[in-house]
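The structure appears right after this line, and notes come after that.
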């Protein structure tokens with residue numbers, strides 16, 4: 001089974017949310033990139049998740065919100081938009097936190113579970129995971145997943161360890177050099 005078919009099966013995306021969302025953004029020239037766990041998957045051994053995290057070019061955010069509201073169910077939160085569609089368990093979250101503003105410009109196309117999509121640069125992905133892991137308002141289970149994603153990145157790219165704050169490194173299993 002191809003990776004994309006497997007992911008579609010796991011997310012029960014019978015409504016083709018992923019394809020529809022990507023096509024809509026591409027058709028209207030909305031610049032975006034994948035961040036979060038799926039972006040980590042583009043650089044290291046992939047893990048399956050129901051989540052897809054994106055960031056849209058901030059200058060196009062209002063246009064993107066208008067388009068998304070016309071085609072999908074959109075819930076707005078203080079720093080994100082959740083996009084869904086009946087018939088899909090895929091959970092799409094679009095980050096609206098301004099700290100992510102530069103990610104889109106530095107993104108490049110990479111393969112994620114059988115699809116070629118714009119993906120944030122690895123250093124940006126790691127920074128996003130550091131922000132998420134350090135957010136005390138984030139659910140504990142989500143912060144644990146963020147720590148696991150940081151560990152996955154550092155296992156393959158140990159030179160990025162210097163980017164991770166000591167407080168975060170102290171929580172990583174197997175990081176015996178928590179100086």
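Structure summary
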{"quantity": "Shape metrics for the chain, restricted to C-alpha atoms - Rg then Dmax, Å", "calculated": "16.1, 51"}
{"quantity": "Contact order normalised by residue count of the chain, Cα under 8 Å, 6+ apart, percent", "calculated": "22 percent"}
{"quantity": "Rounded tilt (10° steps) of 122-133 against the dominant C-alpha axis of the chain", "calculated": "80 degrees"}
{"quantity": "Over the chain: helical MRE at 222 nm, DSSP H runs n ≥ 4 each giving -39500 (n - 2.57), nearest 500", "calculated": "-11500 deg cm²/dmol"}
{"quantity": "DSSP beta bridge pairing in the chain, given as percent antiparallel to the nearest 5", "calculated": "75 percent"}
{"quantity": "Order of 171, 28 under a 10 Å beta carbon neighbour criterion, fewest first", "calculated": "28, 171"}
{"quantity": "On Cα atoms only, tilt of 17-27 relative to the major axis of the chain in degrees", "calculated": "80 degrees"}
{"quantity": "Angle in degrees between helix 140-156 and the longest Cα principal axis of the chain, rounded to the nearest 10", "calculated": "70 degrees"}
{"quantity": "Net lengthening on full extension, residue 50/residue 163 (0.36 nm per residue, minus Cα-Cα)", "calculated": "37.9 nm"}
{"quantity": "Paramagnetic label zone (point 7 Å from Cα along Cα-to-C-beta, residue 155; backbone N under 13 Å) in the stretch 32-55", "calculated": "41, 44-48"}
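Every read-out reported here was derived from the displayed coordinates using simple, explicitly stated rules and does not represent laboratory data. What you see is a predicted model; the values in this text were computed from it and never measured. Reconstructed Cβ throughout: ideal geometry from the backbone, glycine too, with neighbour counts over all protein chains shown.
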